Amino acid sequence: MQKTGTTAKILRNHNLMSELVASLRVDHVTKRYGDFTAVDDLSFEVRPGRVFGFLGPNGAGKTTTIRMIVGITAPDEGSVELFGRHISSDLQDKIGYLPEERGLYKKLKIVDQLRYFAALKDVPTAEADKRIDFWLDRMKLSEWKNKKTTDLSKGMQQKIQFISTVLHDPDLLILDEPFSGLDPVNVEFMIDVLAEFKTREKTIIFSTHLMETAERLCNDILLINKSKKVVAGSLRQVKESFGKNLIALRVAGGDGVLNDRSLVASIVDHADEKEVQLTEGADPQQLLKKLVESGASISKFEEIEPSLNDIFIDAVEETE
Amino acid sequence: MRKFLAVVKHEYKKIVLRWTFLIGTFLFPVLGIGFGIVPAFIFSLKGEVTRIAIVDPSGEVLPRLRENLSDEAVTAKVREAAKQSMKDISATQEERMKKGASQIASGFSIVDYDAAGKSTQEIRADLIEKVKAGSLDAYLIVPANISANDAVFEFRSRKGGDFVANDTLKDALNQAVRSKRLTDAKISESQVRALSQDIEFDSKGLDEQGQEKNSDMLMAASFVIGLMIYITLVVYGQVIMGAVVEEKDTRIAEILFSSAKPFDLMMGKLVGVGLAGLTQLGIWVVSLGAIVAYLSAMSGSAEIFKSLPSITPLMMVYFLLFFLLGYFLFASIYALVGAVVTNVQEGGQFALPATLLLVIGYLFSFAVLRDPNSSLSFWVSITPFFAPVTMPVRILAETPPFWQIALSASLTALGIVILVWLAARVYRIGMLMYGKRATVPEIWKWIRTS
């Protein structure tokens, strides 16, 4: 219960921070399919130049939400605003969407598929051809330009699909599991490409099950489960709110401070360090200060942060 | 609109710029001709000469038979049969095969056999022995009294299934015996031939202006037009379904729907594939015209043109109209089915009712051909699902009043509006539903809610 209160506070802060610059605003959106509510009163905002991690277990309502953002379906209640306008078919040209389960035409030449996808986003043919050459070259796939999909490996197809998502230079990029099927070298490469989009102040929504990747790439996260928002905020804030006030400590002396029950709740001894659980509301900095004052020799003092993976599991379990 | 055109262009190029289109375009007429020619060709392969022993106690049949089976007589018969079959285009396949057979009657070589002093039993046993030994292929035992009512001609052959040889022999034998009987009755053969000559049946239809028109060629042309429309509708319906299923199966639909309106995507697909179908039909029509023109130039006369039914430009417009109506009617059904199923095989089953409607319409076109003005012809040619095939056939056979054509076109157009509306609703939802084939109640729900 306490945790939920913290989350709400963070959300308020978050909204204050982003009010002026949000490029995508999802406002009290609800989507129902018959008796089933796929998305329940969901609100969030995404700011340009940041990677927004959209997380949640399977069936949480991620795909439904994304479909409403890209204009494939309309919300039953609430609204989606992109760059201050209600989502409409001409705004679709500003969005690049890479769905999780995606494909290419099996028997069509790569260049023809890319031309078609570009045409559907209203990119003039000459311009599209230039960009296709640029991206194929950048992805080191130029020699596959006139090959068919079936001639390409899965990783290559993945990169072609990514190209089709960015050919029209979208302002909002929605990537659902963009790294699945890629080898580590290509994952690094794609992360570089994303970083570039980020510096160009593009808005990036990134959906994944891989918490390590999310932790590494995302500035803000939104975790939903069972159609509802569970956790939201900047990665930093979320981690702090989920912090358990645990300190990893390697110290000689300072026993008096460690036995102070107003500060330290319990201590677990490991081989060469201690795991210190602070009392509720205690400040780690105060502990550090007292230890230094007591003349103890400190070789390690680290606040143990929960990993995004832990947060994900905790949050999901809490709502089960 | 630009996106709609992009879809049209994409779908059109996807079909036309592929070698299967080229092959299909050329293969179909070749196959059509092949079905006409191949059976005749196979039967024209001359069978081996049948060695036959003929036992004729009367001595009256053998000489005549020998004459009838001579090379000259057989060739003359073949020539006569060929002339007959040229007249008769609408003969059924079976008849054609038989006719083809008589055109290339295979030869017989008559082996001398001395039956003097042997009983019929002995002769039979002896001949069977020879057939078994392989020195003989067949034998014929002529009864002693050929004029008797119960006279039986016993023919046994190693090659009992060679109906070409059997027919040839039977004809020759019939002729020989008949001529013997006629001689006995003191009637000369030439007299009989003169008396039993077939009448000249000059059959021609009349159009509204009272002008004669050649009904044989008309039948053929109606048949070809009906078949072309029918096949194009079936083939391109399947193409539509395959394309829809691919986009659903590969989840390309998700990307497409995030780029353009589902209705534009579906209509673009129907129009693009339809244009590809028109291209193919156009190639066929133009090349058919070119062949006819070439043939008439070769034969140096306008004979062939005269025998062709007069197809006016207005008729061509009607054919095009009904082809397009039929195409959109059935293509929207196939698109709907494609959006509902998960793979092409499943689609084939689901689309079976639509395919059956097409087949029934095609079969009705024969009834329309026989009697274009019957009430059955009227009703089937204004019923939306049958009209695309039956109305063009009816127009060619006996152009109905304009109001009937207009009624038929309007009803079909109404059908298209309803079906496209239904298909668009199902398409919007079905394309994003993965995993399993939708049930009919589910589809109904999509139609109601979307």
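The values are calculated or read from the model by the stated rules, or taken from the named source; none is laboratory data. Note that this is a predicted model, so its numbers are computed, not measured. Every residue, glycine as well, gets a Cβ built from its backbone with ideal geometry; the counts of neighbours run over all protein chains shown. We work out accessible area using only protein heavy atoms, side chains counted, and drop any ligands, DNA or RNA first. Shrake-Rupley method; radii C 1.70, N 1.55, O 1.52, S 1.80 Å.
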Who wins for biggest fluctuation among A:K289, A:K202, A:K274 in a Gaussian network model of chain A, springs between alpha carbons below 10 Å? A:K289
A student asked for the Cα radius of gyration and Dmax of region B:249-381 in angstrom ought to give 20.2, 62
Residues from region A:46-79 losing no less than 50 square angstrom of accessible surface in the full protein assembly compared with the chain alone, 1.4 angstrom probe, ligands and nucleic acids excluded, are A:R67, A:I72
So what is the relative contact order of region A:227-320, in percent, for Cα pairs below 8 Å that sit 6 or more residues apart? 40
How large, in percent, is the carbon and sulfur part of the accessible surface of region A:197-247 at a probe radius of 1.4 Å? 51
What the 10 Å binned alpha carbon P(r) of the protein assembly as shown shows, as percent of pairs per bin from 0, is 2, 10, 15, 14, 12, 11, 10, 8, 6, 5, 4, 2, 1, 1, 0, 0
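Take the alpha carbon gyration tensor of region A:33-88, find the square roots of its eigenvalues, order them as a ≥ b ≥ c, and report rounded if a/c is under 1.5; if not, report prolate when a/b exceeds b/c, else oblate.
Here region A:33-88 falls in the oblate category.
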In the Gaussian network model of chain A, springs joining C-alpha atoms below 10 Å, which of A:I205, A:I298, A:I69 carries the largest mean-square fluctuation? A:I298
With springs only between Cα atoms under 10 Å, which of A:F301, A:F162, A:F52 fluctuates most in a Gaussian network model of chain A? A:F301
What total accessible surface area, summed over both chains, is buried at the interface between chains A and B, computed with a 1.4 Å probe and given in Å² to the nearest 100? 2400
Nothing charged except the Cβ atoms of Lys and Arg (+1) and of Asp and Glu (-1): what's the magnitude of the dipole of region A:132-256 about its Cα centre? Round to the nearest 20 debye. 360
Contact order relative to length for chain A, counting C-alpha pairs under 8 Å separated by 6 or more residues, stands in percent at 20
Once you keep just the Cα pairs under 8 angstrom separated by 6 or more residues, what percentage relative contact order results for region A:151-273? 16
For B:K445, the aspartates and glutamates lying under 19 Å Cα to Cα, once residues fewer than eight places off in the same chain are dropped, come out as A:D35, A:D76
Positive-end extreme of charge dipole, region B:360-450 - chosen from B:A413, B:Y427, B:A387 (charges on Cβ): B:Y427
Any idea how far the Cα center of region B:345-381 sits from the one of region B:129-203, in Å? 46
Expressed per residue, the solvent accessible area of the protein assembly as shown in Å² (1.4 Å probe) is about 51
Region A:171-245 - Kirkwood radius from inverse mean 1/r over Cα pairs (Å): 13.7
Apply the Karplus curve 6.51 cos²θ - 1.76 cosθ + 1.60, θ = phi - 60°, to the phi angles in region B:20-25 and return the couplings in whole Hz, x for Gly and Pro. 5, 5, 4, 4, x, 4
Region B:297-450 - Rg over Rh from alpha carbon coordinates, Kirkwood radius: 1.12
Taking each pair of distinct Cα atoms in region A:199-320 once, what is the resulting Kirkwood hydrodynamic radius in Å? 16.6
Give the long-range amide H neighbours of B:R51: residues separated by 5 or more places, or on another chain, with amide H under 5 Å away, using H modelled in the peptide plane at 1.01 Å from N. B:S109, B:D137, B:A138
Positive minus negative residues near A:T73 (Lys, Arg vs Asp, Glu; Cβ under 14 Å): +4
Could you run the Karplus curve 6.51 cos²θ - 1.76 cosθ + 1.60 with θ = phi - 60° over region B:117-130 and give me ³J(HN,Hα) per residue in whole Hz, x for Gly and Pro? x, 10, 7, 4, 4, 4, 4, 4, 4, 4, 5, 4, 4, 5
Of A:K198/B:K269; A:K130/A:K198; A:K198/A:K226; A:K121/A:K202; A:K145/A:K202, those spanning more than 25 Å from alpha-carbon to alpha-carbon: A:K198/B:K269; A:K198/A:K226; A:K145/A:K202
Using every pair of alpha-carbon atoms in chain A, split the distances into 20 Å bins beginning at 0 and state the percent of pairs per bin, rounded to integers. 28, 47, 21, 4
